[in-house]
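A.B. asks: This is the structure I have questions about; it appears just below.
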Amino acid sequence: MDELKQRILKDGHALNQQVLRVDSFLNHQVDPQLMHAIGEAFGKYFRKHHFDKVITVEASGIAPAQMTALALGLPLLIMKKQTSKILKGDMYKTPVHSFTKENDYHLCVSKKYLKAGEKYLLIDDFLAYGQVVMGVKSICEEAGASLGGVGIVIEKSFQPGRALVEEQGLDILSLARIKSLAEGYVEFLEA
Ligand code: 5GP
């Protein structure tokens, strides 16, 4: 998606070879016009499937996922991140490790929002090591539902997440694929 790539080049900031900051339009301040275009792009691609809900993980996935849910006419379900080991009952939960933030948390969601036999589309802001995707997939399966597609705004293709998602047989669309990062420098996979 050209508009997104141009915006990353203009306003993104590569901290080092591993981490890209996009605080001015996606992770802290949000550009609604760009989110709308992102939602339309995911909607156009994933319309070929029948999904029952769009799922995302708080907080940075919410803006693009909301616009995707709107484009597809589906409800949006937000999985919560909790660092506390004390969790309320009636929740599905699974541990996730963040290599980027170097912390551990639980992904959790109320049992009343996942239904056996349903199929879901996950939208997230970044794909790095694929830990969020694997966590969401395992929660869906615990509920007897399935994860059928993954839409990623920014994929860091030099990290192992993409291969892991493909190994699971999931249909994945990443709107910007980054080949490499260096301090102050971003290189995309496609020309
Ligand atoms: P994964 O689960 O694929 O290892 O990591 C994806 C999650 O980590 C995303 O939900 C995102 O919040 C965070 N993340 C991974 N890499 C980056 C990055 O380079 N920049 C930002 N802002 N977040 C990242």
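The values are calculated or read from the model by the stated rules, or taken from the named source; none is laboratory data. Remember, predicted model here, so these are calculated numbers, not experimental data. Note that we place each Cβ from the backbone using ideal geometry, even for glycine, and neighbour counts take in every protein chain shown.
A.B. asks: For the condition within 29 Å of Arg7 (Cα to Cα) and either more than 15 Å from the chain's Cα centre (by Cα) or of a type in the set (Lys, Arg) (or both), what is the one hit in Lys81, Lys111?
C.D. replies: Of the residues listed, the single one that is within 29 Å of Arg7 (Cα to Cα) and either more than 15 Å from the chain's Cα centre (by Cα) or of a type in the set (Lys, Arg) (or both) is Lys81.
A.B. asks: I need every pair where a residue in segment 131-151 that is among the hydroxyl-bearing types (Ser, Thr, Tyr) has its Cβ under 7 Å from the Cβ of a residue that is not in a loop (DSSP other than H, G, I, E, B), sequence separation at least 6 or different chains.
C.D. replies: Listed by first residue and then by second, the contacts come to Ser138/Thr94; Ser146/Lys119; Ser146/Cys140.
A.B. asks: Quick one: which of Leu15, Leu34, Leu26 is modelled with pLDDT of 95 or more, surrounded by 13 or more Cβ atoms within 10 Å (Cβ to Cβ) and in contact with a strand residue (DSSP E or B) (Cβ under 9 Å, 6 or more places away or on another chain)?
C.D. replies: Only one candidate qualifies: Leu26.
Residue-by-condition table, conditions (1) more than 16 Å from Gln66 (Cα to Cα); (2) out of contact with any Gly (no Cβ under 8 Å at 6 or more places or on another chain):
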site	(1), (2)
Arg7	yes, yes
His13	yes, no
Val19	yes, yes
Phe25	no, yes
Gln29	no, yes
Gln33	no, yes
Ile38	no, yes
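A.B. asks: Just to verify a result, which residue in segment 125-145, among those that are among the hydrophobic types (A, V, I, L, M, F, W, C) and not in a helix (DSSP H, G or I), is surrounded by the most Cβ atoms within 10 Å (Cβ to Cβ)?
C.D. replies: This residue is Leu127.
A.B. asks: I would also like to ask the following. Consider Tyr105 carefully, then state whether it is in contact (Cβ under 8 Å) with a residue 60 or more places away in the chain, more than 20 Å from Gly12 (Cα to Cα), surrounded by fewer than 20 Cβ atoms within 10 Å (Cβ to Cβ) and not β-branched (Val, Ile, Thr).
C.D. replies: no
A.B. asks: May I ask you to say which residue of Glu58, Glu3 is out of contact with any Pro (no Cβ under 7 Å at 6 or more places or on another chain), under 30 Å from Cys140 (Cα atoms) and exposed (fewer than 15 other Cβ atoms within 10 Å of the Cβ)?
C.D. replies: Being out of contact with any Pro (no Cβ under 7 Å at 6 or more places or on another chain), under 30 Å from Cys140 (Cα atoms) and exposed (fewer than 15 other Cβ atoms within 10 Å of the Cβ) holds for just one of Glu58, Glu3, which is Glu58.
A.B. asks: I would also like to ask the following. Taking the conditions exactly as written (within 15 Å of the chain's Cα centre (by Cα) and in contact (Cβ under 8 Å) with a residue 24 or more places away in the chain), does Ala182 satisfy them or not?
C.D. replies: no
A.B. asks: Among the residues of segment 151-191, how many are hydrophobic (A, V, I, L, M, F, W, C), more than 10 Å from the ligand (Cβ to nearest atom), in contact with a strand residue (DSSP E or B) (Cβ under 9 Å, 6 or more places away or on another chain) and not in a loop (DSSP other than H, G, I, E, B)?
C.D. replies: Looking only at that region, the number is 7.
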